[in-house]
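First the structure, in the form of structure tokens, and then the observations on it.
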Amino acid sequence: MSKFYSINKTNFPIIKIKLSGDITDDALNEFFDIWLSFYNRKKNFYLLFDICEVNNPSIKHSYLLAKFIQKIKMKTPQYLKKSILILNNNYILRKVMGLVFTITSPAAPLYLYWKHEYEINVNNDTIQQIFETKNEKFQKIMP
């Protein structure tokens with residue numbers, strides 16, 4: 001099974017996740033299990049997602065994501081303190097994310113960065129600095 005995700009926990013509590021390629025149901029469930037495992041440390045953590053290279057996000061996977069978020073929202077204490085998502089600025093992705101957050105609110109403050117195609121230097125390694133210096137560029141969704 002090819003993985004559509006890579007996870008870098010080197011700088012825990014900051015966890016950098018890059019999603020790319022095609023998402024299968026099995027791989028998505030595996031990814032959700034890994035996400036749940038972050039709670040096993042019983043320490044606060046932050047998630048940085050770069051999903052700019054995901055192929056064709058589906059309505060089905062959006063629904064499964066919303067259901068998963070509902071599940072992690074029930075965790076107490078909530079160790080997830082903040083998430084930042086880097087997404088391609090396109091109509092379909094805006095609609096897909098709108099669907100997810102119409103079904104449920106995030107588990108922790110969520111900041112969406114709608115990346116334009118000319119912004120080649122925006123990635124998981126630079127997004128924290130962008131967040132700290134140009135916070136107005138982020139769409140904020142609260143729990």
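The values are calculated or read from the model by the stated rules, or taken from the named source; none is laboratory data. These numbers were taken from a predicted model, which means no experiment stands behind them. Cβ: placed from backbone, ideal geometry, glycine included. Neighbour counts: every protein chain shown. What goes into the accessible areas is simple: the full protein's heavy atoms, side chains included, and nothing from ligands, DNA or RNA. Shrake-Rupley method; radii C 1.70, N 1.55, O 1.52, S 1.80 Å.
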task: Once every Cα of region 17-85 carries one equal point scatterer and solvent is ignored, give the base-10 log of I(q)/I(0) from the Debye formula at q = 0.26, 0.29 Å⁻¹, two decimals.
output: -1.41, -1.52
statement: With all protein chains present, the chain has a carbon and sulfur share of its accessible area (1.4 Å probe) in percent of 51 percent
query: Taking H as built 1.01 Å from N, whose amide H comes closer than 5 Å to the amide H of residue 5, not counting residues under 5 places away?
result: 20
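Going by accessible area, probe 1.4 Å, with all protein chains left in place, what is the ranking of 25, 33, 50, largest first? Intermediate results must be reported in sequence, preceding the final value.
Values: 25 60, 33 100, 50 10 Å².
Sorted descending by solvent-accessible area, the residues read 33, 25, 50.
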Neighbour cut-off at most 12 other Cβ (10 Å), DSSP loop, trypsin sites (Lys or Arg not before Pro), region 9-87: 42, 43, 75
message: Under 17 Å between alpha carbons: how many lysine pairs meet that in region 65-133, if sequence neighbours fewer than 8 apart on the same chain are excluded?
response: 6
query: Accessible surface of residue 114 in the full protein assembly, 1.4 angstrom probe, to the nearest 10 Å²?
result: 30 Å²
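With a 1.4 Å probe and every protein chain left in place, work out the accessible area per residue of region 77-142 in Å², rounded to a whole number. Don't jump to the answer; show the numbers that get you there.
Working: 3680 Å² over 66 residues.
Using a 1.4 Å probe on heavy atoms only, each residue of region 77-142 averages 56 Å².
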- request: Using only Cα positions of the chain, each an equal point scatterer, no hydration layer, compute I(q)/I(0) via Debye at q = 0.14, 0.15, 0.21 Å⁻¹ and quote the log10 values to two decimals.
  value: -0.64, -0.75, -1.68
query: Karplus couplings for region 109-119 from phi (6.51 cos²θ - 1.76 cosθ + 1.60, θ = phi - 60°), rounded to Hz, Gly and Pro as x?
result: x, 10, 10, 9, 10, 8, 7, 8, 4, 7, 8
- prompt: Where both partners of a DSSP beta bridge lie in region 1-114, what percent of those bridges are antiparallel, to the nearest 5?
  reply: 20 percent
